[in-house]
1. In a shell of Cβ-Cβ distance under 9 Å around Ala122, excluding Ala122 itself, what net charge do Lys and Arg (+1) and Asp and Glu (-1) give?
2. Using a cut-off of 12 Å between beta-carbons, work out the net charge of the residues near Ala100 (Lys and Arg +1, Asp and Glu -1, Ala100 not included).
3. Can you work out the FRET efficiency for the pair Glu154 and Ile209, with r the C-beta to C-beta distance and R0 = 41 Å, to the nearest 0.05?
4. Taking the Cα centre of region 70-240 as origin, sum charge times position over the Cβ atoms of Lys and Arg (+1) and Asp and Glu (-1), and report the length of that vector in debye to the nearest 20.
5. Modelled label-to-label distance, Gln113 and Tyr294, 7 Å Cα→beta-carbon offset: nm?
6. For region 132-137, take each phi angle, set θ = phi - 60°, evaluate the Karplus expression 6.51 cos²θ - 1.76 cosθ + 1.60, and give the result in whole Hz per residue in order, putting x for glycine and proline.
7. Using the Karplus curve 6.51 cos²θ - 1.76 cosθ + 1.60 with θ = phi - 60°, work out ³J(HN,Hα) for each residue of region 270-286 in order, rounded to whole Hz, and write x for Gly and Pro.
8. Among 205-214, 163-172, how do they line up by average Cβ neighbours within 10 Å per residue, starting with the highest?
Amino acid sequence: MKRHKKWIVFIFLGLSLVVGACAPMRAAEDAWMESPAMMPEYEMAFEEPSMSPEERGMPSGVGEAAKTIERMVIYNADMSIAVENPEETMQTIIDMAEEAGGFVVSSNLFRTQTDRGSLPRANLTVRVPAERLNAIMADIKELTPNPREDVLSENVSGQDVTAEYTDLSSRLRNLEAAEQALVQLMEQAQDPQDVLDVFSELTYYRGEIEIVKGRMRYLEESAALSALSLEIIAKRSLQPIEIVGWQPQGTAKNAIEALIDAGQFLVDAVIWFGIFCLPFLIPLGVVVYFLVGYFRKRKAQKKAEKAEMKEINGTQDKQ
């Protein structure tokens, strides 16, 4: 009998979860039917805008839940600005975010090599109250020398999470109801095995409850605090390179100076060669000259001796 009671309670819990899961879908359908923006044009054509629900034969309570639902939207923004001093501007924006009740997610200040030398650059991500996002973005624009030119990019995006939050709320109510039923069942159970089975199910449902609550907290915090990502670059890096016009007199002057430098180099080389190298090269040249003459003379003598020996050998052969 105790086993039958336990299975009856489990079946009841399963049916309650199925019914609870269908409830958000029905609420969404009612909201769709009550929203004029989502109704087909041919249905709107037959309704008088001034007619009340009672005059159209509809109960006044239909769709009231959908009308009272507050939209939950997560807003995020991205900006890229050019300023004179990125480091000071980054610190100013951090102070603005903290004064508004936000905080810094990440900040990075570094230097980049350009044709104008090493220039600072910064990347910054802050979270600010969603209702202050537009005002803070306007204040950031005022930090630039010329907002029309120095605000390089600006983007605001929104994500509507109302449906997800509503589904999570319904799921949380069903899970908490199942948890209470399991607690009552465990209090009434007397068989140790039944207690263990109910406790295992209760642990599962409590874990699911914590997961749902964590997701709901994340959506609430994300909707309350918008993320603002900024790229801050030095204004000097955007200035165009000035190309100086061609001047013939300057080119001729540079050519003459180069010719004079080349002549000076050659004269210096001759002076160095005559003073530093000749005292060593002249004795060395005399020695080399006599050695070459000596070896040539020896070579000529050997050649003559060979010729004489050949002649003597030829005369002996004839005799």
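1. For residues surrounding Ala122, the net value is -1.
2. Charge balance near Ala100 sits at -3.
3. Once rounded, the FRET efficiency stands at 0.50.
4. The dipole magnitude comes to about 800 debye.
5. Output for this residue pair reads 6.1 nm.
6. 9, 4, 5, 5, 5, 5
7. For region 270-286, the Karplus-derived couplings read 5, 4, 4, 5, x, 8, 8, 8, 4, x, 8, 6, 5, x, 5, x, 5 Hz, x marking Gly and Pro.
8. 163-172, 205-214
Every read-out reported here was derived from the displayed coordinates using simple, explicitly stated rules and does not represent laboratory data. Here the structure is a predicted model, which is why all the values come from computation and not from measurement. Counting neighbours? That spans all protein chains shown, and the Cβs are built from the backbone with ideal geometry, glycine included.
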